[in-house]
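Data first, discussion second: the structure below is written as C-alpha coordinates.
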Amino acid sequence: MINKKNKKNIKIIGTIVGIIAIIIIGVYIYNQIKISNYLSKLTYDIVQESYDTYGDYSKSKYQDIVSENIYSSMNYLCSGSYDNRDEFIIYVSNQSKVNTLIFFLDTAESKYTYEIKFSIKGEEGYSYGKSTCTVQWKLDDDNVWRVSDFDDPP
(Lines give C-alpha, C1' and ligand atoms only; values in the text may rest on other atoms or scores of the structure.)
Protein backbone atom coordinates (compact mmCIF):
# COMPACT_ATOMS: atom_id res chain seq x y z
CA MET A 1 0.00 0.00 0.00
CA ILE A 2 1.27 3.42 -0.98
CA ASN A 3 1.12 5.96 1.80
CA LYS A 4 0.73 9.74 1.43
CA LYS A 5 4.48 10.37 1.64
CA ASN A 6 5.23 7.90 -1.18
CA LYS A 7 2.44 9.40 -3.34
CA LYS A 8 3.94 12.83 -2.83
CA ASN A 9 7.43 11.55 -3.77
CA ILE A 10 6.05 9.84 -6.89
CA LYS A 11 4.33 13.09 -7.95
CA ILE A 12 7.53 15.06 -7.40
CA ILE A 13 9.62 12.54 -9.36
CA GLY A 14 7.02 12.45 -12.14
CA THR A 15 7.00 16.24 -12.36
CA ILE A 16 10.81 16.37 -12.50
CA VAL A 17 10.94 13.69 -15.21
CA GLY A 18 8.25 15.56 -17.17
CA ILE A 19 10.15 18.86 -16.94
CA ILE A 20 13.39 17.17 -18.05
CA ALA A 21 11.58 15.55 -21.00
CA ILE A 22 10.11 18.90 -22.05
CA ILE A 23 13.55 20.54 -21.85
CA ILE A 24 15.17 17.76 -23.92
CA ILE A 25 12.42 17.93 -26.56
CA GLY A 26 12.67 21.74 -26.63
CA VAL A 27 16.46 21.65 -27.12
CA TYR A 28 16.06 19.04 -29.87
CA ILE A 29 13.45 21.14 -31.72
CA TYR A 30 15.54 24.30 -31.31
CA ASN A 31 18.60 22.52 -32.78
CA GLN A 32 16.56 21.17 -35.71
CA ILE A 33 15.27 24.67 -36.49
CA LYS A 34 18.78 26.12 -36.19
CA ILE A 35 20.22 23.49 -38.58
CA SER A 36 17.32 23.93 -41.01
CA ASN A 37 17.80 27.71 -41.10
CA TYR A 38 21.56 27.31 -41.55
CA LEU A 39 21.17 24.89 -44.48
CA SER A 40 18.46 27.03 -46.08
CA LYS A 41 20.69 30.11 -46.01
CA LEU A 42 23.69 28.11 -47.21
CA THR A 43 21.69 26.61 -50.10
CA TYR A 44 20.48 30.05 -51.13
CA ASP A 45 24.01 31.47 -50.98
CA ILE A 46 25.54 28.63 -53.01
CA VAL A 47 22.87 28.84 -55.73
CA GLN A 48 23.13 32.62 -55.88
CA GLU A 49 26.92 32.49 -56.07
CA SER A 50 26.77 29.87 -58.85
CA TYR A 51 24.38 32.11 -60.75
CA ASP A 52 26.52 35.22 -60.15
CA THR A 53 29.73 33.48 -61.30
CA TYR A 54 27.95 31.64 -64.13
CA GLY A 55 28.89 28.35 -62.51
CA ASP A 56 32.62 29.12 -62.39
CA TYR A 57 33.75 26.71 -59.66
CA SER A 58 37.18 28.33 -59.40
CA LYS A 59 35.47 31.44 -57.98
CA SER A 60 33.43 29.55 -55.40
CA LYS A 61 34.03 29.92 -51.69
CA TYR A 62 32.05 26.68 -51.13
CA GLN A 63 34.46 24.21 -52.77
CA ASP A 64 34.89 22.34 -49.51
CA ILE A 65 31.18 21.49 -49.26
CA VAL A 66 29.94 21.11 -52.86
CA SER A 67 31.49 19.32 -55.84
CA GLU A 68 32.24 21.12 -59.09
CA ASN A 69 29.68 19.08 -61.02
CA ILE A 70 26.85 19.92 -58.62
CA TYR A 71 27.92 23.56 -58.28
CA SER A 72 27.90 24.06 -62.04
CA SER A 73 24.45 22.49 -62.40
CA MET A 74 23.06 24.85 -59.74
CA ASN A 75 23.63 27.74 -62.16
CA TYR A 76 20.12 28.11 -63.51
CA LEU A 77 21.33 30.47 -66.24
CA CYS A 78 23.38 27.68 -67.83
CA SER A 79 22.28 27.24 -71.44
CA GLY A 80 23.82 24.96 -73.98
CA SER A 81 27.08 26.07 -75.55
CA TYR A 82 27.12 29.60 -74.17
CA ASP A 83 30.03 29.93 -71.80
CA ASN A 84 30.03 33.69 -71.32
CA ARG A 85 27.42 35.34 -69.14
CA ASP A 86 27.90 38.59 -71.06
CA GLU A 87 26.07 36.94 -73.98
CA PHE A 88 22.81 36.94 -72.00
CA ILE A 89 20.19 39.63 -71.64
CA ILE A 90 18.30 38.83 -68.43
CA TYR A 91 14.70 40.01 -68.09
CA VAL A 92 13.58 38.03 -65.04
CA SER A 93 15.69 36.20 -62.51
CA ASN A 94 14.16 35.00 -59.23
CA GLN A 95 15.02 32.40 -56.64
CA SER A 96 12.42 31.55 -54.02
CA LYS A 97 12.92 31.14 -50.31
CA VAL A 98 14.62 27.82 -49.52
CA ASN A 99 12.75 25.28 -47.39
CA THR A 100 14.83 22.65 -45.62
CA LEU A 101 13.77 19.44 -43.89
CA ILE A 102 16.12 17.42 -41.67
CA PHE A 103 15.98 13.60 -41.84
CA PHE A 104 17.63 11.16 -39.43
CA LEU A 105 19.87 13.87 -37.90
CA ASP A 106 22.51 13.41 -40.64
CA THR A 107 20.65 14.06 -43.90
CA ALA A 108 18.59 16.99 -45.09
CA GLU A 109 16.79 18.19 -48.17
CA SER A 110 16.50 21.81 -49.30
CA LYS A 111 13.97 22.83 -51.95
CA TYR A 112 13.68 26.08 -53.85
CA THR A 113 12.18 27.35 -57.09
CA TYR A 114 13.87 29.51 -59.66
CA GLU A 115 12.41 31.46 -62.53
CA ILE A 116 14.42 32.95 -65.39
CA LYS A 117 13.58 34.72 -68.63
CA PHE A 118 16.48 35.69 -70.88
CA SER A 119 17.63 36.08 -74.44
CA ILE A 120 20.99 35.64 -76.12
CA LYS A 121 22.57 38.76 -77.63
CA GLY A 122 22.28 38.67 -81.39
CA GLU A 123 19.47 36.08 -81.39
CA GLU A 124 15.74 36.63 -81.63
CA GLY A 125 13.25 35.48 -79.03
CA TYR A 126 13.85 34.56 -75.43
CA SER A 127 14.02 31.54 -73.20
CA TYR A 128 11.93 31.06 -70.10
CA GLY A 129 12.39 28.53 -67.37
CA LYS A 130 10.84 27.77 -64.01
CA SER A 131 11.74 24.76 -61.94
CA THR A 132 11.77 23.42 -58.41
CA CYS A 133 15.16 22.10 -57.40
CA THR A 134 16.25 19.86 -54.54
CA VAL A 135 19.61 19.95 -52.80
CA GLN A 136 20.50 16.88 -50.73
CA TRP A 137 22.71 17.42 -47.69
CA LYS A 138 24.72 14.87 -45.72
CA LEU A 139 26.44 15.41 -42.38
CA ASP A 140 29.90 13.82 -42.66
CA ASP A 141 32.09 12.24 -39.99
CA ASP A 142 33.78 15.61 -39.37
CA ASN A 143 30.38 17.10 -38.45
CA VAL A 144 30.31 19.23 -41.63
CA TRP A 145 27.21 19.49 -43.83
CA ARG A 146 28.09 18.78 -47.47
CA VAL A 147 25.97 18.74 -50.63
CA SER A 148 25.54 15.12 -51.62
CA ASP A 149 23.18 15.49 -54.60
CA PHE A 150 21.24 17.99 -56.65
CA ASP A 151 18.09 17.53 -58.67
CA ASP A 152 16.88 20.04 -61.24
CA PRO A 153 13.96 18.40 -63.03
CA PRO A 154 13.51 19.30 -66.71
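Take the solvent-accessible surface of the protein heavy atoms, probe 1.4 Å, and return the percent of it on the stretch 101-140 that carbon and sulfur atoms account for. Before the final figure, lay out the partial values.
Numbers: 1200 of 2280 Å².
Carbon with sulfur: 53 percent of the solvent-accessible area.
Ranked by the mean number of other Cβ atoms within 10 Å of their residues, highest first, the peptides 107-113, 55-61, 125-131 fall in the order 107-113, 55-61, 125-131. If you wrap the Cα atoms of the chain in a convex hull and average its projected area over all directions, you get 13.2 nm².
Taking all protein chains together and a 1.4 Å probe, the residues S73, S119 rank S73, S119 from largest to smallest accessible area. Under a model in which nothing but the beta-carbon of Lys, Arg (+1) and Asp, Glu (-1) is charged, the chain shows a dipole of about 1900 debye around its Cα centre. Take every Cα pair under 8 Å whose residues are at least 6 apart in sequence, average their separation, divide by the length of the stretch 1-149, and the relative contact order is 18 percent. Solvent-accessible surface of the stretch 47-154, averaged per residue with a 1.4 angstrom probe and all protein chains in place: 59 square angstrom.
In this structure, Y126 and S93 have a Cβ-Cβ separation that, at R0 = 22 Å, corresponds to a calculated FRET efficiency of about 0.95. What translational diffusion coefficient, in µm²/s and rounded to a whole number, does the Stokes-Einstein relation yield for the stretch 37-123 at 37 °C and a viscosity of 0.692 mPa s, taking the hydrodynamic radius as the Kirkwood radius over Cα pairs? In µm²/s, the coefficient rounds to 234. Candidates G129, V27, S67 compared by Cα position along the dipole of the chain: farthest toward the positive end lies V27, with charges placed on Cβ. With all projection directions averaged, the alpha carbon convex hull of the stretch 1-74 covers 7.2 nm².
Between the helical axis of 4-52 and the longest alpha-carbon principal axis of the chain there is an angle of about 10 degrees.
The values are calculated or read from the model by the stated rules, or taken from the named source; none is laboratory data. Please read all numbers here as calculations on a predicted model, not as lab measurements. So basically every Cβ, Gly included, is an ideal-geometry build from the backbone, and we count neighbours across all protein chains shown. Please note that ligands, DNA and RNA were not included when accessible areas were found on the heavy atoms of the full protein model with its side chains. Shrake-Rupley method; radii C 1.70, N 1.55, O 1.52, S 1.80 Å.
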